[in-house]
Amino acid sequence: DRPNEPTLPSGWTVTPTDGSQVFLLSKTFNNEKITIESSFYNESVNAEGAAENVGSMELTIQKNNEAIVCALDVEDDELVLDSIMHVGDYKTYNSTLDSEERS
């Protein structure tokens, strides 16, 4: 038997990326757009030979053209904050990331 399909909390939308393990969760709350871009990978084997899940996540809270961007990693089944930054011009920042990914 298959487990029940997970349901999203109210107001959230999910956008999968075809051909990859990346998906985007988004929600607008008041004037702020909240997005979570996640990529989780299959299990890997740690130094002790045990299987563990690995992955990364980027949390963005955007208001007008400014944003707070947090990079998070999954390590030893824990969510670890890798970096946090304020972006004053999010459109330029995001277009720079898009062009780097294409090259």
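Could you tell me how many of the residues in the stretch 1-29 are part of a loop (DSSP other than H, G, I, E, B) and open to solvent by less than 70 Å² (accessible area, probe 1.4 Å)? Working first, answer last.
First pass over the stretch 1-29, keeping only residues part of a loop (DSSP other than H, G, I, E, B): 1-12, 17-21.
Add one more test, that the residue is open to solvent by less than 70 Å² (accessible area, probe 1.4 Å), and what stays is 11-12, 17, 20.
The qualifying residues number 4.
Scanning the stretch 33-42 for residues that are surrounded by 11 or more Cβ atoms within 10 Å (Cβ to Cβ) and of a type outside the set (Lys, Arg), we see that the one that is modelled with the highest pLDDT is 34.
Considering each residue of the stretch 64-95, count those that are of a type in the set (Lys, Arg) and touching a Phe, Trp or Tyr at 6+ places or on another chain (Cβ under 9 Å), and give that number. Show your work before the answer.
Just the residues of the stretch 64-95 that are of a type in the set (Lys, Arg), to begin with: 91.
After this cut, where a residue has to be touching a Phe, Trp or Tyr at 6+ places or on another chain (Cβ under 9 Å) as well, the list is none.
Of the residues in the stretch 64-95, 0 are of a type in the set (Lys, Arg) and touching a Phe, Trp or Tyr at 6+ places or on another chain (Cβ under 9 Å).
Summed over the stretch 50-91, residues that are of a type in the set (S, T, N, Q), open to solvent by 60 Å² or more (accessible area, probe 1.4 Å) and out of contact with any strand residue (DSSP E or B) (no Cβ under 7 Å at 6 or more places or on another chain) total 1.
The values are calculated or read from the model by the stated rules, or taken from the named source; none is laboratory data. Computed from a predicted structure; not experimentally measured. In this analysis, Cβ positions are derived from the backbone assuming ideal geometry, glycine residues included, and neighbour counts consider all displayed protein chains. To get the accessible areas, we keep the full protein, side chains included, count just its heavy atoms, and leave off ligands, DNA and RNA. Shrake-Rupley method; radii C 1.70, N 1.55, O 1.52, S 1.80 Å.
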